[in-house]
Amino acid sequence: MSGRPHQSFYAKHEAVILGTLSVVLLLGGWQAAFKAGLISPLFFSSPEAVVKQFRYTLVEGTLLADMKYSYTNFAIGFGLAVITGVVFGVLIGWYRRLRLFFDPFLNALYATPRVAMVPLIIIWFGIGIWSKVFIVFLSAFFPILVNTVGGVRALDRDLLRAAKAYCASDWQIFTTLALPGSVPFILTGIRQGVALGLIGVVVGEMVGSSQGVGFMVAYGGQTFNTDTLFVGMIVIAFSGILLTWIAERLERRFSRWRPER
Amino acid sequence: MVKLSIEHLSKRYWFEREDREVLAVNDVSLAVEDGEFLAIVGPSGCGKTTLLNIVAGLLPYEEGSVSIDGKRVSGPGVDRAVVFQHSSLLPWRTIAGNVRYGMEMQRRFDEATMHERADHFVKMVGLNGFEKHFPNELSGGMQQRVNLARALAADPKVLLMDEPFAALDAQTREFMQSELLKIWSQDRKTVLFITHQINEAVYLADRVAVMSARPGRLKGVFKIPFGRPRTLSLKRDPQFLEIEDSIWQLIEEESQSLNMVLAEK
């Protein structure tokens, strides 16, 4: 009889078991150290206190409102970045003169950490929603733009030659080669844009805002409320993990035909 | 009747790195009859691919003339289709989508006809059942079948083949050669076939033109006397080997004289 060799329960789920073990050990150790009085609540929270604070801010506090505020900032800014980044990137990638014309700007802005522009943006837009939207937009726009430009320009020579041999017009080359060829690049840009946009929204809210998860973290820090600080950090971390995961799935889904996969 | 006529064609390149002009094709004249399978052999760098690119309309030329049915070639046209050395398939299109591609670009057929022709030529190259697969799921030999089907589906008057089997392993190559003859025998299009393999040229073609290296000149044209259909065992026929040998001598003579020139320098 042939068939799949038997695998033990551990061998099948090794990654999950070891991963869970490390998290449990860390949280357990943390809680134990706190109980033993090794950690001052002024500098460090405990898992128990974080859970308690989480429940409190969720039910009676402003956590939901803060999350909604932050997600709205992120969604509007990121949506604008995707639309303008892709459209602008396709145009710049396709028209050489346009690219040469905008090159100095794009290089300068791309090389500058966008965080450096936050104070200026807050002067322009105030501490309401639009300053955060604009920061997210600027943060996510450049990786999407740069990757889109690269994707449109990365026209395969052999494919171009084939298209020309079959009398393809410039428009046909654009729609059948340049656009579909740039999709994986655009999705890479979107994945990078998610990460940078999240940084943008948090920093924006920390520097100039009276609401949002970023504000919650900054406020927690200023008032030595480490429990709140940890709740905010965990919300941010999980948002990042979730959004990056979605972007990665999307990227993989559309890169099915890529030879390296 | 002459289908493809090349007269006194020369092509010069400006060779940037060495800052000098190179004569890639030197005064080549060649006439391919309607329905004829003509192969051009020559060592690498003899200008045979340059010649094919000019005939395909992908390279401009200034000296001499190239014409199909008496009409001067001045760019790509629907009367020609190219089978490339690298399969040059769109990785995001399925096999059926790739076979359609040439027809789509040329805009000669309506939707229903394109669908029907794509179906027909996928079957003709033996890929039925693979219509919905993507190129990266296919072997090199199968990808070249798609490349061939794409060209045939575009219904060209002249089929241009640029070393289509050069990147395949020896066994697959032999198999593809006999498959190509089978497919070609169904409608006997005019074929210009470029290769560096002498026995491939002799096995496939009605006539074999031999080119020499730098500057690419036509050294001689051999008429291949074998009837059709041909089988792979023909490659062991004494007469076949004799022809192969005389082509080989013509090319070798050339490379020896080239060595002598180099030695003198």
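The values are calculated or read from the model by the stated rules, or taken from the named source; none is laboratory data. All of these numbers come straight from a predicted model, not from anything done at the bench. Backbone-built Cβ (ideal geometry, glycine too); neighbour counts: all protein chains shown. What goes into the accessible areas is simple: the full protein's heavy atoms, side chains included, and nothing from ligands, DNA or RNA. Shrake-Rupley method; radii C 1.70, N 1.55, O 1.52, S 1.80 Å.
Taking the alpha-carbon distance from B:Lys48 and a cut-off under 16 Å, which aspartates and glutamates remain once sequence neighbours fewer than 8 residues away in the same chain are dropped?
The qualifying aspartates and glutamates are B:Glu7, B:Asp27, B:Asp162, B:Glu163, B:Glu200, B:Glu254.
A drop of at least 20 square angstrom in accessible area, chain alone versus all protein chains together, probe 1.4 Å. Which residues of region B:99-140 meet that?
B:Tyr101, B:Met105, B:Gln106, B:Arg107, B:Phe134, B:Asn136
Counting only C-alpha contacts under 8 Å and six or more residues apart, can you give the relative contact order of chain B as a whole percent?
Details: 493 pairs, mean separation 68.1, N = 265.
Once divided by the residue count of chain B, the mean separation gives 26 percent.
On the accessible surface of chain B, probed at 1.4 Å, how many percent belong to carbon and sulfur atoms? Could you put the intermediate results ahead of the total?
Numbers: 6130 of 12100 Å².
In chain B, the share of accessible area belonging to carbon and sulfur is 51 percent.
Assign unit charges at the C-beta atoms only (+1 for Lys and Arg, -1 for Asp and Glu), then state the dipole size of the protein assembly as shown relative to its Cα centre in Debye, rounded to the nearest 20.
Roughly 1060 debye, rounded to the nearest 20.
How high is the relative contact order of region B:41-98? Use alpha-carbon pairs under 8 Å, at least six apart in sequence, and give a whole percent.
Values: 31 pairs, mean separation 13.7, N = 58.
Reported as a whole number, the value is 24 percent.
Among A:Gly232, A:Ile246, A:Ala154, flag the residue with its Cα farthest along the positive direction of the charge dipole of region A:137-261, charges on Cβ as +1 for Lys/Arg and -1 for Asp/Glu.
Result: A:Ala154, furthest along the dipole toward the positive end.
Could you name the lysines whose alpha carbon sits less than 26 Å from that of A:Lys132, not counting residues in the same chain fewer than 8 places away?
A:Lys68
Quick one: helix A:226-254 against the long Cα principal axis of chain A, what's the angle to the nearest 10°, folded into 0 to 90?
So the helix axis and the longest Cα principal axis differ by about 30 degrees.
Leaving out ligands, DNA and RNA, calculate the buried accessible area for the pair B and A with a 1.4 Å probe, summed over both sides, in Å² to the nearest 100.
Numbers: alone 13070 and 16190 Å², together 27200 Å².
Rounded to the nearest hundred, the buried surface is 2100 Å².
Report for chain B the percent antiparallel among DSSP-assigned beta bridges with both residues inside it, nearest 5.
55 percent
How large is the accessible surface per residue of region A:1-94, computed with a 1.4 Å probe and reported in Å² as a whole number?
69 Å²
Which residues make up the longest stretch of chain B clear of GluC sites (Glu not before Pro) that lie in a DSSP loop with no more than 12 other Cβ atoms within 10 Å, not counting the sites?
It runs B:63-265.
Would you calculate the separation in nanometres between label points at A:Lys68 and A:Ile241, each defined as 7 Å from the Cα along the Cα-to-beta-carbon direction?
According to this spin-label approximation, the distance is 2.6 nm.
Treat every Asp and Glu Cβ in region B:40-154 as -1 and every Lys and Arg Cβ as +1, leave all other atoms uncharged, and give the resulting dipole magnitude about the Cα centre to the nearest 20 debye.
Approximately 100 debye in magnitude.
Could you tell me which chymotrypsin sites (Phe, Trp or Tyr not before Pro) in region A:5-72 are loop residues by DSSP with no more than 14 other beta carbons within 10 angstrom of their beta carbon?
Counting only loop positions with at most 14 other Cβ atoms within 10 Å, the chymotrypsin sites (Phe, Trp or Tyr not before Pro) in region A:5-72 are A:Phe43.
Identify all aspartates and glutamates with a Cα-Cα distance to B:Lys157 below 12 Å; exclude those on the same chain that are fewer than 8 residues away in sequence.
B:Glu33, B:Asp34, B:Glu36, B:Asp69, B:Asp79, B:Asp187
Leaving out ligands, DNA and RNA, and with a 1.4 Å probe, what % of the accessible surface on region A:101-202 is carbon or sulfur?
72 percent
Using the structure shown, list the pairs from A:Lys164/B:Lys189; B:Lys3/B:Lys71; B:Lys182/B:Lys235 with a Cα-Cα distance above 19 Å, or answer none.
Details: A:Lys164/B:Lys189 22 Å; B:Lys3/B:Lys71 10 Å; B:Lys182/B:Lys235 16 Å.
As for pairs spanning more than 19 Å Cα to Cα, those are A:Lys164/B:Lys189.
Between the DSSP loop rule and a limit of at most 11 other Cβ atoms within 10 Å, which chymotrypsin sites (Phe, Trp or Tyr not before Pro) in region A:183-244 are left?
A:Phe224
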